[in-house]
Amino acid sequence: MRGRIWIIPVIVLLAFLFQPMGLWSREDNGFDLQGALIPRAEIHHGGPPRDGIPALVDPKFVRARAVTWLKPDDRILALQLDGVAKAYPIAILNWHEIVNDRIGERRLVVTYCPLCGSGMAFDARVDGAPLEFGVSGLLYNSDVLLYDRRTESLWSQLLRQAVSGPLKGHRLRMLPLQHTSWRQWRKAHPHTLVLSADTGYDRDYRRDPYAGYADAKGLYFPVDHLDPRYPPKQPTLGLELDGVFWAYPLVELEKAGGMVQVKDAQGRSYRVSYDADSQSAWVEDAQGKRLPSVIGYWFAWMAFHPDSRVYTAP
């Protein structure tokens, strides 16, 4: 099995944790995978059925001062759009993976894959029409496959692309999203809104259903390519510049002192920054505008982008 490591997936037991569950459907969870852009043999059933992990739709938010259950070092995904700051605790995202949200008239979707450690936000419009997304229960390269409820097309999170269904080949526009600590985000954005734990679902958001996974060497599901240069779950910043993919292991950014410069194929300069206290990294152009990027596990980024240019500190 070329470049693959895996362990027997205990995650199938999670199927009994996510309610409402219903009966398991067939292996493909009812999706039409004919002509998929990714190999059918590499699409794996993750355990729960379609919507067994319930996506959130138009969720509630609370002010930062009302949030008492988050600890300073708790991880969040966060963004600022049109003057509005929002934080999405990973403690909640572990149980839902997708948040269909809006800021003003702008529709967006915030996604998180616990198996890849990858958080990404997208404009939820395709060809001008808004889409609502759910969790398919299927995986590719251990990464969540979303589906849109209008066409039932499957979308790969890390590819940012529909891989099957009527919208096959369409791409989602990625939005700048921070993967950081609650302490850092609240300090920078004291008036931030925070995704409420009042989701309408009976979940214990203080309990991590993936406890121990981040520290374990093994993976639950096979991946097409495994790069041995770093531990599989080394946190890594992934970036695309002018069609070229880059990988910045956070350990290398720390060695470099927290800031490095990179140029794209057109000679344009960008700055990659790292903050050790919040274990966060981000990318800005020469004018200080933040670019979309993703922090996830090393194995996940390299499984999708094995030809990435990998930064190593001098």
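All of the numbers you see were taken from the coordinates with simple rules; none came from a lab. On a predicted model such as this, the values are computed, not experimentally measured, just so you know. Cβ: placed from backbone, ideal geometry, glycine included. Neighbour counts: every protein chain shown.
With n ≥ 4 as the cut-off for DSSP H runs, can you work out [θ] at 222 nm for the chain, using -39500 (n - 2.57) per run divided by the number of residues, rounded to the nearest 500?
Values: 4 runs with 27 residues, N = 314.
Calculated mean residue ellipticity at 222 nm is -2000 deg cm²/dmol.
Return, for the Cα atoms of the chain, the radius of gyration and Dmax in Å, separated by a comma.
Cα-based Rg and Dmax for the chain come out at 18.6, 55 Å.
With the chain treated as a Gaussian network of Cα nodes joined by springs under 10 Å, which of ARG63, ARG50, ARG107 yields the largest mean-square fluctuation?
Comparing ARG63, ARG50, ARG107 in the GNM, the peak value goes to ARG63.
Kindly provide the chymotrypsin sites (Phe, Trp or Tyr not before Pro) of segment 53-147 that DSSP labels as loop, not H, G, I, E or B, and whose Cβ sees at most 11 other Cβ atoms within 10 Å.
Taking segment 53-147 and a limit of 11 other Cβ atoms within 10 Å, the loop chymotrypsin sites (Phe, Trp or Tyr not before Pro) found are TRP69.
Within straight cross-link reach of LYS60, meaning Cα distance under 26 Å, which lysines are found once same-chain residues fewer than 8 apart are removed?
Output for LYS60: LYS71, LYS86, LYS187.
For segment 10-182, state the average projected area of the convex hull of the C-alpha atoms over all orientations, rounded to one decimal in nm². Please list the in-between numbers first.
Working: hull surface 41.3 nm².
About 10.3 nm², averaged over all directions.
What are the ³J(HN,Hα) couplings of segment 277-288, residue after residue, when phi is run through the Karplus curve with 6.51, -1.76, 1.60 and θ = phi - 60°? Round to Hz, x for glycine and proline.
5, 9, 6, 10, 9, 7, 10, 10, 7, 5, 8, x
Using alpha carbons only, what's the Rg to Rh ratio of segment 135-178 with Rh from Kirkwood?
0.97
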